[in-house]
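First up is the structure itself, then whatever we jot down about it.
The values are calculated or read from the model by the stated rules, or taken from the named source; none is laboratory data. These numbers were taken from a predicted model, which means no experiment stands behind them. A quick note on method: Cβ atoms are made from the backbone with ideal geometry, for glycine too, and the neighbour counts reach across all protein chains shown.
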Amino acid sequence: MQYRTADLKSKETEITTDYPVLKSFLAGSFSGTFSTVLFQPLDLLKTRLQNRANSHCGQQKCGMISTTISIVQKENIFALWRGITPSMTRVIPGVGLYFSTLHWLRSALDIDSPIPPIQAIALGVTARTISGAVLIPITVVKTRYESGMYKYNSIGEALKLIYKHEGFRGLSSGLVPTILRDAPYSGLYLMFYTQLREFTSSKFSRISDFPTTHFSCGVIAGILASVVTHPADVVKTKMQLYPHEFKTLRQSFVFIYYKYGVLGYFKGIVPRMLRRTLVTAMAWTVYEQITRAAGL
């Protein structure tokens, strides 16, 4: 019995030490799943607010609350979770890939905590660029599902139809603004988050390891990073919903400016800031708890 217990402990240690990237992937995927389901309505509202063909508002000026009420009245409460399938298809491997890439880069470059600000930005940007580029076709499908303009029956059908009518360019539409949005966001978020965690550890050591402390640091970091990167999110949405009109990054930026002014770059910022901040904060909180329990 003693030998058996020792063997089990040895196998657990072996898995922890030999498969840290896999453990990071699984922890990241799990951490992103719950938060995505919970906050999907905010992502849908952001897409609808950025969509010029928002059929729910008519000639009235759309707001977050009025858009929510219109969707529930004209469709149903579950319409707020439209696009959850492609969201989950993107998030489960996407967040896992991001965290595992981050873990691998830190190990390969031998970067210990606390991560210096410049290195934190570089790590976040690199990890997010890789995961964002790999999953861009799912991101396109997700955006179109949420817009209410496209009536796809499944993710597979959507991918086939987009490729058939628009080719590879359609499947990768909005790639540049997506990276311009996600990569800086992740870099800035990681920098703000690690610096805030270091500050709380040094100033408030008694509560620094509490999940609520992790979550609070994540919320503040998410707000700061969201404001900086939101214009790229607006451009990304336009390019993915209207690929034949918004063909280049420069054209999209110029059109939005002439059509809506500077404020046009911040359409949908409230639901995006709420969702992105809460999702990322929760994902990092859960991830840190899981990796600590797994001995990473």
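Given the residues Val235, Val254, Val279, which is the only one that is in contact with a Pro (Cβ under 7 Å, 6 or more places away or on another chain) and of a type in the set (A, V, I, L, M)?
Numbers: Val254 fails: in contact with a Pro (Cβ under 7 Å, 6 or more places away or on another chain); Val279 fails: in contact with a Pro (Cβ under 7 Å, 6 or more places away or on another chain).
One residue alone meets the criteria, Val235.
Hey, could you check the range 39-66 for residues that are outside any loop (DSSP other than H, G, I, E, B) and more than 21 Å from Val141 (Cβ to Cβ) and say which is modelled with the lowest pLDDT? My answer is Met64. Scanning the range 143-171 for residues that are under 12 Å from Leu241 (Cα atoms) and free of Cβ contacts under 8 Å to residues at least 60 places away in the same chain turns up Tyr150, Ile162, Leu171.
Of the residues making up the range 157-176, not a single one is closer than 21 Å to Val279 by Cα and of a type in the set (A, V, I, L, M, F, W, C).
Output the number of the condition that Pro271 fails; it satisfies all remaining conditions of (1) at pLDDT below 85; (2) in contact with a Leu (Cβ under 8 Å, 6 or more places away or on another chain); (3) under 25 Å from Pro117 (Cβ atoms). If we test Pro271 against (1) at pLDDT below 85; (2) in contact with a Leu (Cβ under 8 Å, 6 or more places away or on another chain); (3) under 25 Å from Pro117 (Cβ atoms), just (3) comes out false.
The set of residues in the range 89-101 being surrounded by fewer than 21 Cβ atoms within 10 Å (Cβ to Cβ) and under 11 Å from the mean Cα position of the chain (by Cα) consists of Ile92 alone. Among residues that are among the hydrophobic types (A, V, I, L, M, F, W, C), at pLDDT below 90 and under 18 Å from the mean Cα position of the chain (by Cα), Leu224 is included. Of the set (1) of a type outside the set (Lys, Arg); (2) assigned to a loop (DSSP other than H, G, I, E, B); (3) surrounded by fewer than 19 Cβ atoms within 10 Å (Cβ to Cβ), all apply to Glu157 but (2). The one condition from (1) touching a Lys or Arg at 6+ places or on another chain (Cβ under 7 Å); (2) not in a helix (DSSP H, G or I) that Ser173 does not meet is (1). Quick check on the range 127-147. Is at least one of its residues closer than 18 Å to Ala232 by Cα and assigned to a loop (DSSP other than H, G, I, E, B)? Yes; the residues of the range 127-147 include at least one that is closer than 18 Å to Ala232 by Cα and assigned to a loop (DSSP other than H, G, I, E, B).
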